[in-house]
Amino acid sequence: MKALEGVRILDFTHVQSGPTCTQLLAWFGADVIKVERPGVGDATRKQLIDVPGADSLYFTMLNHNKRSIELNSKNETGKEVLTRLIKECDVLVENFAPGALDRMGFGWERIQEINPRMIMASVKGFGPGKYEDCKVYENVAQCAGGSASTTGDLDGVPMVTGAQIGDSGTGLHLALGIVTALFQREKTGRGQKVLAAMQDGVLNLCRVKLRDQQRLDAGPLKEYSQFGQGIPFGEATPRAGNDSGGGQPGRILKCKGWETDPNAYTYFITQAAVWEKICDVIGEPDWKTKEGYVTPPDRLDKLNEIFDRIEQWTMTKTKFEVMDICNPLDIPVGPILSMKEIAEDEGLRKTGTVVEVDHPERGPYLTVGCPVKMSDSPVEVERSPLLGEHTIEILTQVLGYDGEELDKVVNSGAVGEAKPIAAE
Ligand code: COA
């Protein structure tokens, strides 16, 4: 038994944000039916191709444990099928450009008419307001949500981050909204509209930077490196390089081999509670009692000197040796792991966070498994569906089409080149 067993999701999502959400719901046990345009499918199937003729990793890594139906939702028969699917499903998830569902004839009013218990969940770039009609991709959201202006070096341009906080981040927010709406429906019997705007999702993940924006009114941000460097603050939260975002100062420091290995670095946090142990480890025991070094506020204007000294020590060790020495002392450090190291990490494979999946077109590939582990709802990662792989199965098993009715749908062109059931 899986946590969301019995919940049926009509998955109208594409690219990354929506598929992240529905993949999670599938891993939690929901039956996710991905509706794709006949002959075309999710655009990512054919983007960033590495194996000619096979679905891309972009697609396969975001669409595990789903079923795929090819369905033209603009064709009359296709609309009839869609209407029946809406009756049979609990949640419709979509991340089309604003207005696309209305243009198809399936706006919120219509969906409620068809199925008042339906939860309609959407990712959009922006919430209601002057930008609500805009199409949005990941980096636009990172910029509009405050992330880019606060990421990067103080003297450099705004930076986007590798973590897909706009797409995958918003997909996560939406998934939480959906299960919460399902929970509420248990009591009210009614569905509802759930909206996660990418700008809002990014800002939610950047809330510490809005915190700092307001702290600026009270004076310079003393834990930022620029304070120790004597660089005045401007009007807005600045870019802070690799400074820690919290009250415990931290930096990325070179480790042994940094001259040739771009990832021979560690993140080192000078947590106040372990300051004395840090002093001993780096060979500066005098700093434990030296005036101006004893308390965290004393040290704020000396962070550059302190981290330079710690780096002299980390440069004599590999990033893993730093970890081995500091961990038993409770000094928080983290190696900068490359994607190659992560792909080869035995521990991550054991926990199912990195999983090898087989695929009929492309053979085995690595993916990221479910990042949330539930003791009573285990996850088996299953390969993504081929385009329209489950068209007939869904028409017959979920919607009960049979004989003539099925032939009519198949011959209408609404479901692409789906083979009649006898040929399956
Ligand atoms: N049958 C028939 N038509 C279908 C269909 C189906 N099964 N599935 C999609 N379509 C149609 C849509 O109805 C739409 O038609 P319309 O414009 O005539 O109304 C069309 O395909 C394209 O949809 P759209 O969402 O505009 O795709 P796009 O490739 O132009 O834009 C995005 C992509 C991501 C920019 C856009 O969808 C968007 O802004 N989404 C919201 C924000 C978001 O999620 N962004 C992050 C993506 S990772």
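Bear in mind that the values in this text are calculations on the coordinates, not laboratory data. In this text the structure is predicted, and so the values were computed from the model without any measurement. For neighbour counting, all protein chains shown are included, and Cβ atoms are generated from backbone atoms with ideal geometry for every residue, glycine included.
Which residue is farthest from Pro328 (Cα to Cα), if the candidates are limited to segment 269-287 and must be acidic (Asp, Glu) and in contact with a Lys or Arg (Cβ under 9 Å, 6 or more places away or on another chain)?
So the residue we want is Glu284.
If you take the residues of segment 72-101 that are touching a residue at least 40 places away in the same chain (Cβ under 8 Å), out of contact with any Lys or Arg (no Cβ under 8 Å at 6 or more places or on another chain) and hydrophobic (A, V, I, L, M, F, W, C), which of them is nearest to the ligand (Cβ to nearest atom)?
Step by step, filter segment 72-101, then rank; the result is Phe96.
Looking at (1) within 23 Å of Gly29 (Cα to Cα); (2) out of contact with any strand residue (DSSP E or B) (no Cβ under 9 Å at 6 or more places or on another chain); (3) assigned to a helix (DSSP H, G or I); (4) among the basic types (Lys, Arg), find the lone condition where Arg349 falls short.
It is condition (2) that Arg349 fails.
May I ask you to list the residues in segment 1-14 that are within 8 Å of the ligand (Cβ to nearest atom) and over 18 Å from Ser73 (Cα atoms)?
None - no residue of segment 1-14 is within 8 Å of the ligand (Cβ to nearest atom) and over 18 Å from Ser73 (Cα atoms), so the list stays empty.
Within segment 15-51, how many residues turn out to be in contact with a Cys (Cβ under 9 Å, 6 or more places away or on another chain) and either closer than 14 Å to Ile394 by Cβ or within 16 Å of the ligand (Cβ to nearest atom) (or both)?
Going through segment 15-51 one residue at a time, the tally reaches 4.
Under the condition of being of a type in the set (A, V, I, L, M, F, W, C) and within 11 Å of the ligand (Cβ to nearest atom), which residue from segment 52-71 is nearest to Glu389 (Cα to Cα)?
Ile69
Being assigned to a loop (DSSP other than H, G, I, E, B), surrounded by 15 or more Cβ atoms within 10 Å (Cβ to Cβ), out of contact with any Ser or Thr (no Cβ under 9 Å at 6 or more places or on another chain) and of a type in the set (A, V, I, L, M, F, W, C), is that true of even one residue in segment 385-397?
No: segment 385-397 contains no residue that is assigned to a loop (DSSP other than H, G, I, E, B), surrounded by 15 or more Cβ atoms within 10 Å (Cβ to Cβ), out of contact with any Ser or Thr (no Cβ under 9 Å at 6 or more places or on another chain) and of a type in the set (A, V, I, L, M, F, W, C).
Can you find a residue in segment 405-421 that is touching a residue at least 12 places away in the same chain (Cβ under 8 Å), more than 28 Å from Ile69 (Cα to Cα) and either in contact with a Gly (Cβ under 8 Å, 6 or more places away or on another chain) or β-branched (Val, Ile, Thr) (or both)?
Looking for residues that are touching a residue at least 12 places away in the same chain (Cβ under 8 Å), more than 28 Å from Ile69 (Cα to Cα) and either in contact with a Gly (Cβ under 8 Å, 6 or more places away or on another chain) or β-branched (Val, Ile, Thr) (or both), one finds none in segment 405-421, hence no.
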